[in-house]
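First up is the structure itself, then whatever we jot down about it.
The values are calculated or read from the model by the stated rules, or taken from the named source; none is laboratory data. The shown structure was predicted, so the numbers you read here are calculated from the model rather than taken from an experiment. With ideal geometry, Cβ positions are generated from the backbone for all residues, glycine too; neighbour counts draw on all protein chains shown. Remember, those area values only see protein heavy atoms, side chains included, never the ligands or the DNA or RNA. Shrake-Rupley method; radii C 1.70, N 1.55, O 1.52, S 1.80 Å.
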Amino acid sequence: MNIFRITGDLLHLASILILLLKMHTTKSVAGISFKTQLLYAIVFTTRYLDLFTHFTYSAYNTLMKIFFLGSSFYILYLIRKKYPTTYSAEKDKLRLEYFIGPSALFALLFAAKYTTMEIMWTFSLALEAVAILPQLYMLSTTGEAETITTHYLGALGGYRAMYLLNWIYRYLFENHFVFIPVFTGVIQTILYLDFFYIYITKVLRGKKFKLPV
């Protein structure tokens, strides 16, 4: 554990709390991609299979995993069951197989060991790298978003950026480097670059978030 890892975890936690706050305070899921949230539910389910096989490294890790798993399925419930009339399905157009299929192929080709746990872990990393794309596509179709939604994405992107710094720190001071999580993390951070620029130059300065359509 280091400051970058802890900050990344806190930003990840904050992103989900911001999203839940938006849903409950507005009683709406407008502007939220169900497909992105479904992909994240798949990511957490396949990554945290060890919860069902053995106790993980620490109570901290275990509690975080339980929270991310539980909250991801709760968000799906809010979108599909509690506030379904506010969900913009017509704007959530990207097909899930575009993300799941290539991620599965990546896992089969590049898993360090051909065990179920290792393949699922590698699959979850590849899928997480692209899971945000349906959400970013929804933003691009409208060109605008509620400020609280952009804060959710900003915290989520910040989490990935902090994890990149965490890997750099571990390489420099612990001589620890694992290629696959670093590679997928870099890809995911690159996908946020346009959003980050607009978020930093506009939203954090109190201006309205607007993407070129």
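Some points to look at:
- All positions within the stretch 79-114 that are in contact with a Leu (Cβ under 8 Å, 6 or more places away or on another chain) and not small (Gly, Ala, Ser): LEU94, LEU96, PHE99, ILE100
- Scanning the stretch 153-191 for residues that are touching a residue at least 40 places away in the same chain (Cβ under 8 Å), over 14 Å from THR7 (Cα atoms) and in contact with a Lys or Arg (Cβ under 7 Å, 6 or more places away or on another chain) turns up GLY185, GLN188.
- Only one of the numbered conditions (1) farther than 28 Å from LEU49 by Cβ; (2) open to solvent by less than 40 Å² (accessible area, probe 1.4 Å); (3) of a type in the set (Asp, Glu) is violated by GLU128, and that is (1).
- Yes/no for THR7 being of a type in the set (Val, Ile, Thr), over 14 Å from the mean Cα position of the chain (by Cα) and more than 30 Å from GLU174 (Cα to Cα): no
- Members of the stretch 110-121 that are under 24 Å from PRO134 (Cβ atoms) and open to solvent by 90 Å² or more (accessible area, probe 1.4 Å): PHE110
- ALA131 vs. criteria at pLDDT 90 or above and of a type in the set (Gly, Ala, Ser): yes
- Subset tally (residues that are open to solvent by 40 Å² or more (accessible area, probe 1.4 Å) and out of contact with any Ser or Thr (no Cβ under 9 Å at 6 or more places or on another chain)) for the stretch 23-50: 3
- One residue from THR85, THR141, THR149 being among the β-branched types (Val, Ile, Thr), open to solvent by 20 Å² or more (accessible area, probe 1.4 Å) and either closer than 16 Å to MET23 by Cβ or assigned to a loop (DSSP other than H, G, I, E, B) (or both): THR85
- All told, THR62 falls short of being buried (at least 20 other Cβ atoms within 10 Å of the Cβ) and either touching a His at 6+ places or on another chain (Cβ under 8 Å) or of a type in the set (Val, Ile, Thr) (or both).
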